[in-house]
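In what follows, a single structure is set out as structure tokens and then discussed.
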Amino acid sequence: MQQTAEVREFLMSRRARVKPSDVGMGGYDPRRRVSGLRREEVATLAGVSIDYYVRLERGNLTGVSESVLEAVGRALRLTADERHHLFNLARLANSPRGGHWTQPSHKVRQPVQQILNSFAGPAWIRNDRMDLLAANQLGTALYAPIFEGAISAPNKARFIFLDSKARDFYPDWFEVAQSNVAVLRAAAGRNPYDKHLSDLIGELSTRSDEFRSLWADHDVHTYQAGVARISHPVVGIVELFWEAMELVGDNGLTLIAYGAEPGSESAERLQLLAAWTAPEVGVTGIAVQ
């Protein structure tokens, strides 16, 4: 990412999203040319001068204090993920190149793989750029279309945007696509010097109109928990809850574990999938070069 452009476009996109009525700044004004807040309105809400806020929105976060960032975040009604992203951009602007960035892990350690294999439900491990580095047996079966034919770690984002099977696999394809782009945007803010990540973003922007359009929205999101709906080619529709667990001992790796509501049709289909895959051998982890 180009730092100045990223800051400018992020702040402008968040400002355009907030209406004056959202922050108690009066009713309809027929002379108003923008649907979102004006720069001077953000400055007023944040308690800074208009000149200072204009400087920030032009992409210059050098020397900005945490209190100002918090005030701007409140003025723009940023979510927790968006505030964190803004702080990451400011940290990058105020540190030497690479000063606050460490190379993400590319491998799943054997003890972690053994823990993964012990899970009764589907589970897999990914890095920040959505490479699926390892899965247990049921996780491999659940995401069979992604793992199918892979000779290295398959990439979930490539599958979503570049594989025609993805739209059948995900009944809620657009929501999944939107979420994954937002996750990549947040990762790019944390890992600005990850060449593999920037190459992936460049590839998807070139090859997918949908990705390029969603990337321009500047939404950011981190995986925590949620519900996944999958149309599996063998057992049909399954609806699973999931939890994301950061592996604190392995920089940039996240474990995603799935479960189904006991007694539900999805739980029965998950059991059927487990029986169908019982003779298979689980994935042992794939190193990314």
Fill in: Read-out semi-axes √(5λ) of the Cα gyration tensor in Å, derived from the coordinates shown; its label in [x] 29, 24, 19; [y] 33, 25, 19; [z] 39, 22, 16
[z]
Worksheet entry | Long-range lysine pairs (8 or more apart or interchain), the chain, Cα under 25 Å | 4
Worksheet item: Between E66 and Q3, what is the spin-label point distance in nm, taking each point 7 Å from the Cα along the Cα→C-beta axis?
Response: 2.0 nm
Practice prompt. Calculate the spin-label point distance for I151 paired with N251, positioning each point 7 Å from the Cα along the beta-carbon direction, and give it in nanometres.
Written response: 3.1 nm
Practice prompt. Starting from the Cα-Cα distance between Y52 and A225, subtract it from 0.36 nm times their residue separation and give me the gain in nm to one decimal.
Written response: 58.5 nm
Worksheet item: At what distance in nm do the modelled label points of F241 and Q271 sit from each other, each positioned 7 Å from its Cα along Cα→Cβ?
Response: 1.9 nm
Practice prompt. For n ≥ 4 DSSP H runs only, could you compute -39500 (n - 2.57) per run for the chain, divide by its residues and tell me the 222 nm figure to the nearest 500?
Written response: -13500 deg cm²/dmol
Fill in: Computed over region 3-93: relative contact order in percent, which uses C-alpha pairs under 8 Å that are six or more apart
35 percent
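Throughout, read-outs are computed from the coordinates displayed, never taken from laboratory work. The shown structure was predicted, so the numbers you read here are calculated from the model rather than taken from an experiment. Positions of Cβ are generated from backbone atoms using ideal geometry, with glycine treated the same way; all protein chains shown enter the neighbour counts.
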